[in-house]
Amino acid sequence: MNYRLVRTSMSLDGMTLKALENLAKKWDISKAEVMRRAVSKLKEQADLEDSRPSPLKALDWLQKGGGLLREEAEKFRAEVKAEREAKRYWWES
């Protein structure tokens, strides 16, 4: 992968610096590469969160059928009903 590197500086507390050093040693990569991977992973997670619907939008979608066609929903209900009726216990008639 070709990309331009830009030198920068930042202040890190002792625990973060130690964790950065430990990960760099464990993975046998530079501290800068650990930072690049961490930022990339966090960006990926943030993008995923941004693409998720809000709880109210998700509820609205579910109440409108959740993407199921009416025929599919009726078929599913019939299958569930048949399955429940087939699982009668010995004490039921």
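With the cut-off at 1.5 for a/c, could you classify the chain from its C-alpha gyration tensor as rounded, prolate or oblate?
In terms of gyration-tensor shape, prolate.
Select from the range 36-70 those trypsin sites (Lys or Arg not before Pro) which occupy a DSSP coil region and have at most 14 other Cβ atoms within 10 Å, ordered by residue number.
Lys64
Full extension from Asp50 to Val80: what is 0.36 nm times the residue separation minus their Cα-Cα distance, to one decimal in nm?
7.3 nm
Kindly write out, for the range 63-76 in residue order, the coupling ³J(HN,Hα) from the Karplus curve 6.51 cos²θ - 1.76 cosθ + 1.60 (θ = phi - 60°), rounded to whole Hz, with x marking Gly and Pro.
5, 8, x, x, x, 7, 7, 4, 5, 5, 5, 5, 5, 4
By a straight-distance test (C-alpha under 30 Å), which lysines pair with Lys25 as possible cross-link partners, with residues fewer than eight away in the same chain excluded?
Lys41, Lys43
At a Förster radius of 30 Å, what calculated FRET efficiency corresponds to the Cβ-Cβ distance of Val39 and Leu62, to the nearest 0.05?
Taking R0 as 30 Å, the efficiency between Val39 and Leu62 is 0.30.
What is the helix-to-structure angle for 14-27, meaning the angle in degrees between its Cα long axis and the longest Cα principal axis of the chain, kept from 0 to 90 and rounded to the nearest 10?
That helix lies at roughly 80 degrees to the long axis.
Please give the helix 31-51 orientation as an angle from the longest Cα principal axis of the chain, in degrees from 0 to 90, rounded to the nearest 10.
30 degrees
Any read-out appearing in this document is the output of simple, stated calculations on the displayed coordinates, not a laboratory observation. All values reported here derive from a predicted model rather than from experimental measurement. Positions of Cβ are backbone-derived with ideal geometry, glycine not excepted, and every protein chain shown enters the neighbour counts.
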